[in-house]
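Colleague: This is the structure, below, for whatever I ask next.
The values are calculated or read from the model by the stated rules, or taken from the named source; none is laboratory data. These numbers come from a predicted model, not from an experiment. Cβ coordinates were reconstructed from backbone atoms using ideal geometry, including for glycine residues, and neighbour counts include every protein chain displayed. Note: areas computed on protein heavy atoms with side chains; ligands, DNA, RNA excluded. Shrake-Rupley method; radii C 1.70, N 1.55, O 1.52, S 1.80 Å.
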Amino acid sequence: MVRLRSSALLLLLTVACASAPSLRDGPLEALPAEPPAVASQVVEPAVVPEPEPEPEPPPITRDLAGAMAEEGGFSELLAALEKHGLTASLAGEEARTLLAPTDEALARLTKRERQRLFGSPAAVQALLGRHTLAGVHPLAELREGDAPLTAVDGSTLAREGGAIEGAALVRPDLVARNGLVHGIDRVLPAPSRARAPARASGGKAPAGGEAAPAPKPAPAPKPVPEPAPEPAPGG
């Protein structure tokens, strides 16, 4: 029985060897390469950081006089304001646009003209009234159209070709907390008698111009002598 089983096993081995490919026929065919492994990890897109907001500009704290002092070129006008204690008049909260003559503009004045414009506080106040506009008026607005402007003293300022009363705005849009400063190349002329505002009661001069001389009183009419009485008849 054991011999029979050994013979059967030997027969199976012989058949298996006979069915196997012979090494004499050449090497075995190479098995196909395994496909590359697919990455299971998902690559997320790069996160672009959002740009940081630009910092807000610091608030403007200088007033009209401070703007002229910081920008330079208005030393003579500032000296006149300080001499007569009028620097604070440019520090109010109400918005104003100042047409400020530069140092080059004032250098063209004669000594007599300087005395007339800066010789007293009233004269400097009149100069400011003639050279100041109510509200904020940037250069682009002032160059639009030729409609006349009204100064804070009530006088009229003519515009033509971007100039105001013949003065060019050579240093425009100097920003202050309470308005704008435009440097001009000449002093604005005094308003003509036809355009000057009516003089206020009390003999005060209109702002922006000199006081007009007081009219002389008309001479009183001379009394007409009464005719002498005629003599009575028979007298």
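Colleague: Picking from Val187, Val175, which residue would you name as being modelled with pLDDT of 90 or more, part of a loop (DSSP other than H, G, I, E, B) and open to solvent by 20 Å² or more (accessible area, probe 1.4 Å)? I'd like the intermediate steps shown before the answer.
Modeller: Details: Val175 fails: part of a loop (DSSP other than H, G, I, E, B).
Unique residue meeting the criteria: Val187.
Colleague: Another question, if that's okay. Checking the condition among the small types (Gly, Ala, Ser), modelled with pLDDT of 95 or more, more than 16 Å from the chain's Cα centre (by Cα) and more than 22 Å from Ala190 (Cα to Cα), which residue from Gly92, Gly73 passes?
Modeller: Working: Gly92 fails: modelled with pLDDT of 95 or more.
It is Gly73.
Colleague: If you take just the helices (runs of 4 or more DSSP H) that sit entirely in the range 95-146, which of them hold at least 2 residues that are closer than 17 Å to Ala163 by Cβ and of a type in the set (A, V, I, L, M)? So that I can check it myself, show each step before the final result.
Modeller: On the way: elements: 103-106, 111-118, 121-130, 139-142.
So the answer is 139-142.
Colleague: Given the conditions (1) under 23 Å from Arg114 (Cα atoms); (2) modelled with pLDDT under 95; (3) open to solvent by 60 Å² or more (accessible area, probe 1.4 Å), report the number of the one that Val152 does not fulfil.
Modeller: All conditions pass for Val152, except number (2).
Colleague: Report every pair of residues separated by at least 6 positions or lying on different chains whose Cβ atoms are under 8 Å apart, first residue within the range 105-123 and closer than 25 Å to Arg171 by Cα and open to solvent by less than 30 Å² (accessible area, probe 1.4 Å), second in a loop (DSSP other than H, G, I, E, B) and of a type in the set (Asp, Glu).
Modeller: Pairs that qualify, where the first residue is closer than 25 Å to Arg171 by Cα and open to solvent by less than 30 Å² (accessible area, probe 1.4 Å) and the partner is in a loop (DSSP other than H, G, I, E, B) and of a type in the set (Asp, Glu), are Ala105/Asp185.
Colleague: Taking the range 46-100 as the region of interest, how many residues are charged (D, E, K, R) and more than 13 Å from Leu174 (Cβ to Cβ)? Explain how you work it out, then say what you get.
Modeller: Initially, the range 46-100 is screened for residues charged (D, E, K, R), giving 50, 52, 54, 56, 62-63, 70-71, 76, 82-83, 93-94, 96.
Imposing the further condition that a residue be more than 13 Å from Leu174 (Cβ to Cβ) reduces the set to 50, 52, 54, 56, 76, 82-83, 93-94.
Residues flagged as charged (D, E, K, R) and more than 13 Å from Leu174 (Cβ to Cβ) within the range 46-100 amount to 9.
Colleague: Just one of (1) at positive phi; (2) open to solvent by 60 Å² or more (accessible area, probe 1.4 Å) trips up Pro59, so point out which.
Modeller: Just one mismatch for Pro59, condition (1).
Colleague: If you go through the range 44-94 one residue at a time, how many are small (Gly, Ala, Ser), assigned to a helix (DSSP H, G or I) and free of Cβ contacts under 8 Å to residues at least 24 places away in the same chain? Steps first, please.
Modeller: Start the filter on the range 44-94 by keeping residues that are small (Gly, Ala, Ser), which leaves 46, 65-67, 69, 72-73, 75, 79-80, 85, 88-89, 91-92.
If we keep only those that are assigned to a helix (DSSP H, G or I) as well, we get 65-67, 69, 75, 79-80, 88-89.
If we keep only those that are free of Cβ contacts under 8 Å to residues at least 24 places away in the same chain too, we end up with 69, 79, 88.
Final tally of qualifying residues: 3.
Colleague: Now for a separate question. Scan the range 160-171 residue by residue and report those that are in a strand (DSSP E or B) and crowded, with 17+ Cβ neighbours inside 10 Å. I'd like the intermediate steps shown before the answer.
Modeller: Restricting attention to the range 160-171, the residues satisfying the condition of being in a strand (DSSP E or B) are 160, 163-164, 167, 169-171.
Within the range 160-171, Ile164, Ala167, Leu169, Arg171 qualify.
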